[in-house]
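Participant: Mind looking over this structure? Questions follow.
The values are calculated or read from the model by the stated rules, or taken from the named source; none is laboratory data. Model, not experiment: these values are computed from the prediction. Note that we place each Cβ from the backbone using ideal geometry, even for glycine, and neighbour counts take in every protein chain shown.
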Amino acid sequence: MIFESRVSLFLCPWNSGTDYFFAQNGCALRTKMSIRLFSMSSGDFRTCGSPTAEQQLQEAIVISAFIAVVDQSLVQTSPLSGYPVVSLDSGPYGFVSGGQRHAQWPHNYVGVTEAILPAKVMLATSSHEEVRQQYVERGIWFVLVYPHRSLKQQRLERLRGMERVNLCTGRLVSLLERGWDEFIESMESQKDCHHEVLQAGESLQDRIPLIVQAFTEAKQGQIVKKIC
């Protein structure tokens, strides 16, 4: 059974305002965009209700971003290359009170990502390995953005500088110090996605034109998610 609903994209403060996430309620409204979503009870977000329905392809550019690659300034300078930027923080979807892992993770998070695909936005999302695997399994086109393996110290220094405005980054520094090589290797070996590897001094914004070009070519070749 196909049904239609309206939701809004709320860019809301999270972790002292340094990150933003998608939510349907429960936070202060910063920016709001209404989009129309079509979904099916099976969880498949297609709208092919008849043989004559036009095929609709994924419109959102999904960016699976490494830790601290997306920041508030990127959202504030939106739109980029004609795409409003939305950051979908995984925190509210990954955990429940007490730090327990959410029972529906990562399906709840990827489900929200999939629901946004009909909208022409640039959607910055988690780079968790299980999220990336779900993207591949569901046929979602995404770009994986991460720093070059040699930039460990540069990235750690950037995070240490952020600790003044976001205490949560202290835990991220420890996490990266221990697991840098493992995280980067996981991303380097990721298949079925587009890769953008940031070099010294580069930010995500520097790669936006290449990302848009890659998505445009993928859409022309119809290798993006088919919503209908």
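Participant: For region 206-216, does any single residue satisfy the condition of being over 15 Å from Ile61 (Cβ atoms) and either without any contact (Cβ under 8 Å) to a residue 60 or more places away in the chain or aliphatic (A, V, I, L, M) (or both)?
Facilitator: yes
Participant: Still on this structure: Is region 146-156 home to any residue that is surrounded by 16 or more Cβ atoms within 10 Å (Cβ to Cβ), polar (S, T, N, Q) and closer than 14 Å to Phe66 by Cβ?
Facilitator: no
Yes/no matrix, rows are residues, columns are (1) in contact (Cβ under 8 Å) with a residue 12 or more places away in the chain; (2) over 13 Å from Ile63 (Cα atoms); (3) in a loop (DSSP other than H, G, I, E, B); (4) of a type outside the set (S, T, N, Q):
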{"position": "Asp89", "(1), (2), (3), (4)": "yes, no, yes, yes"}
{"position": "Gly98", "(1), (2), (3), (4)": "no, yes, no, yes"}
{"position": "Gln104", "(1), (2), (3), (4)": "no, yes, yes, no"}
{"position": "Tyr109", "(1), (2), (3), (4)": "yes, yes, no, yes"}
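Participant: Can you go through Leu175, Leu167 and tell me which one is under 22 Å from Gln134 (Cβ atoms) and at pLDDT below 95?
Facilitator: Criteria check complete, one pass: Leu175.
Participant: Evaluate the following for Asp89: is it crowded, with 17+ Cβ neighbours inside 10 Å, within 19 Å of Ile140 (Cα to Cα), modelled with pLDDT of 70 or more and of a type in the set (Asp, Glu)?
Facilitator: yes
Participant: Still on this structure: Looking only at region 76-104, which residues are closer than 30 Å to Thr216 by Cα and among the aromatic types (Phe, Trp, Tyr)?
Facilitator: Those that are closer than 30 Å to Thr216 by Cα and among the aromatic types (Phe, Trp, Tyr): Tyr83, Tyr93.
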